[in-house]
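The values are calculated or read from the model by the stated rules, or taken from the named source; none is laboratory data. For clarity, every value in this text was computed on a predicted model and none was experimentally measured. Cβ placement follows ideal geometry from the backbone for every residue including glycine, while neighbour counts extend to all protein chains displayed.
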Amino acid sequence: MTIVAELNGRTIGEVTCWRESRNIFYVTNLFVHREFRRQGIGTALMRAAEEHAAANGARVRVTIAENNLAARAFFGAIGSR
């Protein structure tokens, strides 16, 4: 499943999830174009992914590389564990 954020017909961000099981969607990609970062787009994309998963009886999980400090900070800020 992919959810896209657009502005004036231009894709400015997207989140892609893979359904691992009946209960779990894993985020495989979250991207926001550099000039649109820190405007809540990544958060909105994650919330949309969580809502989609919940509507399908599942929840979202993320796996982040230990050295990916930016991703760790982002997901920590939006309340992911």
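May I ask you to list the residues in segment 1-44 that are assigned to a helix (DSSP H, G or I) and surrounded by 11 or more Cβ atoms within 10 Å (Cβ to Cβ)?
Phe36, Ile41, Gly42, Thr43, Ala44
Considering only residues that are under 21 Å from Arg61 (Cβ atoms) and among the charged types (D, E, K, R), look in segment 2-23 and name the one that is nearest to the chain's Cα centre (by Cα).
Glu14
Can you tell me which residues in segment 45-77 are within 16 Å of Glu20 (Cα to Cα) and surrounded by 13 or more Cβ atoms within 10 Å (Cβ to Cβ)?
Hits for segment 45-77 are Ala49, Glu50, His52, Ala53, Asn56, Ala58, Val60, Arg61, Val62.
Find all pairs meeting these conditions: Cβ atoms under 7 angstrom apart; at least six residues apart or on different chains; first residue within segment 36-53 and more than 14 Å from Tyr26 (Cα to Cα); second residue modelled with pLDDT under 95 and assigned to a loop (DSSP other than H, G, I, E, B).
Listed pairs, sorted by first residue: Thr43/Ile78.
Scanning segment 51-67 for residues that are part of a loop (DSSP other than H, G, I, E, B) and of a type in the set (Gly, Ala, Ser), which turns out modelled with the lowest pLDDT?
Per the criteria, the residue is Ala65.
Do the conditions hold for Val32, that is, is it of a type outside the set (Gly, Ala, Ser), more than 9 Å from the chain's Cα centre (by Cα) and at pLDDT 95 or above?
For Val32, the condition - of a type outside the set (Gly, Ala, Ser), more than 9 Å from the chain's Cα centre (by Cα) and at pLDDT 95 or above - is met.
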